[in-house]
Amino acid sequence: MSAPEPVARRGPPGRRTTVLAGTAASVLLAGTTRTSWIDAAAPDLTGTAQQVDVLGADAAPAVLALALVAIAASLATSLSSAWLRFLTGPVLLVTGAGAAVAALGVVREPGAAAGSAVTTATGVVGSGLEAETTAWPLLSLVPALAVLAVGALVLLTGGTWPRRDRYRSAAVTIAADPAEDPAAAWDALTRGEDPSVEEPEAPPPSR
């Protein structure tokens, strides 16, 4: 009997997978702020109790702001600059952790988080306010921690991602005739060459 083939080890996620994961988690985090995070009740100017559903964007505006920053950082990670991961990685770490802390703040003090939205809805400042959170602040921790994990992944494995410079090298080594290819004229100008000057023909070999 032949020996079983060894199982190939899977390497760390590549750039594309990491960028997609970070972008998806950031977009999902932003989407949770459009749901109802707090069920509040407070009397209006006539003394009638009003029910107010406080969205996540109103209860914790920092979560939405951090999610938008995380989206931009995730997309920037797709660029091929090797040093860029030392910028986008920490940004994703900070935004993920900051969003998680802001969401937990809503769970700890729902009345304070709902105060502004309730005041806008009832016209009364902090009188008889009752508030309790829904499940969404805790559910938002999932994409927030995912953003944090992607940031750590960018820092740890970003150095192994290949640089996408093969198109640049091909443009430098393969020169086309500017008279036949207008794009080649632009390439020549970017290299500091004058495409209108014809290169001298090589002399015939001496016999």
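Values computed for the structure shown
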read-out	value
Linear extension gain, residue 16 paired with residue 112, 0.36 nm per residue minus alpha-carbon span	30.5 nm
For residue 50, distant residues with modelled amide H under 5 Å away	42, 44
Peptides 32-42, 92-102 ordered by average Cβ neighbours within 10 Å, highest first	92-102, 32-42
Extension gain from residue 135 to residue 86, taking 0.36 nm per residue of separation minus the Cα-Cα distance	14.2 nm
Region 71-167: trypsin sites (Lys or Arg not before Pro) in DSSP coil with no more than 10 other Cβ atoms inside 10 Å	163
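None of the figures in this text is laboratory data; all of them are computed from the coordinates on show. Owing to the predicted nature of the structure, the values given are computational and were not obtained by experimental measurement. Heads up, the Cβs are rebuilt from the backbone with ideal geometry, glycines too, and the neighbour counts pull from every protein chain shown.
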